[in-house]
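Engineer: Have a look at the structure that comes next, please.
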Amino acid sequence: FLVGAGVIVLGLNELGSSLSPWPVPAEKAIDQGLITSGIFSKIRHPIYSGLICCLAGLSITTASVYRLLFTIALYYCLDIKSDFEEKKLMETFSDYEKYKKAVPDKFFPDSMLPWSDI
């Protein structure tokens with residue numbers, strides 16, 4: 001849970017005034033340019049990663065199957081939303097495709113996943 005909260009804070013800090021609740025880049029984000037530093041140099045959607053970690057942690061801590069199912073559903077929804085966001089980011093920032101290749105991990109670095117060595 002705490003790791004997820006920390007990742008959210010890092011993502012929010014990096015985005016600053018570029019943060020938007022909408023799945024399209026905010027005007028300030030367009031003016032400031034694509035953010036690729038800090039936590040965004042490791043994963044492309046750290047705030048979503050943090051939310052998923054927080055809910056997974058809460059599910060485990062409370063031993064709640066329902067919360068775990070909700071976490072899985074949230075992951076699915078955020079995956080769809082982030083795909084849409086990335087299309088808009090590619091339309092807005094010409095260097096987004098290059099960034100996407102440089103940072104291939106959407107939510108979690110492959111090195112953190114237990115099956116990454118398989």
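Engineer: Restricting attention to region 18-73, which residues are open to solvent by less than 90 Å² (accessible area, probe 1.4 Å), touching a residue at least 24 places away in the same chain (Cβ under 8 Å) and more than 30 Å from Lys98 (Cβ to Cβ)?
Structural biologist: Once the filter is applied, which keeps residues that are open to solvent by less than 90 Å² (accessible area, probe 1.4 Å), touching a residue at least 24 places away in the same chain (Cβ under 8 Å) and more than 30 Å from Lys98 (Cβ to Cβ), region 18-73 yields Cys54, Leu55, Ala56, Gly57, Leu58.
Engineer: Exactly one condition in (1) part of a loop (DSSP other than H, G, I, E, B); (2) over 25 Å from Ala5 (Cβ atoms); (3) at pLDDT 95 or above is not met by Phe84; state its number.
Structural biologist: (1)
Engineer: Answer with yes or no whether Lys106 is surrounded by 12 or more Cβ atoms within 10 Å (Cβ to Cβ), in a loop (DSSP other than H, G, I, E, B) and at pLDDT 95 or above. Steps first, please.
Structural biologist: Details: surrounded by 12 or more Cβ atoms within 10 Å (Cβ to Cβ): yes; in a loop (DSSP other than H, G, I, E, B): yes; at pLDDT 95 or above: yes.
Taking the combined requirement at face value, the residue satisfies it.
So that you can scan it fast, the table gives a plain yes or no per residue for (1) in contact with a helix residue (DSSP H, G or I) (Cβ under 6 Å, 6 or more places away or on another chain); (2) modelled with pLDDT of 95 or more; (3) assigned to a helix (DSSP H, G or I):
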residue	(1), (2), (3)
Gly16	no, no, yes
Pro25	yes, no, no
Thr36	yes, yes, no
Phe40	yes, yes, yes
Tyr48	yes, yes, yes
Asp79	no, yes, yes
Tyr99	no, yes, yes
Trp115	no, no, no
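Engineer: For the structure I just gave you, tell me whether Phe1 is in contact with a Gly (Cβ under 9 Å, 6 or more places away or on another chain) and at pLDDT below 90. Let's see the steps before the verdict.
Structural biologist: Values: in contact with a Gly (Cβ under 9 Å, 6 or more places away or on another chain): yes; at pLDDT below 90: yes.
Criteria met by Phe1.
The values are calculated or read from the model by the stated rules, or taken from the named source; none is laboratory data. Just so we're clear, the structure is a prediction, and the values are computed from it rather than from any experiment. Cβ sites come from the backbone with ideal geometry, for glycine too, and all protein chains shown count toward neighbours. These accessible areas exclude ligands, DNA and RNA; they are computed on the full protein's heavy atoms, side chains included. Shrake-Rupley method; radii C 1.70, N 1.55, O 1.52, S 1.80 Å.
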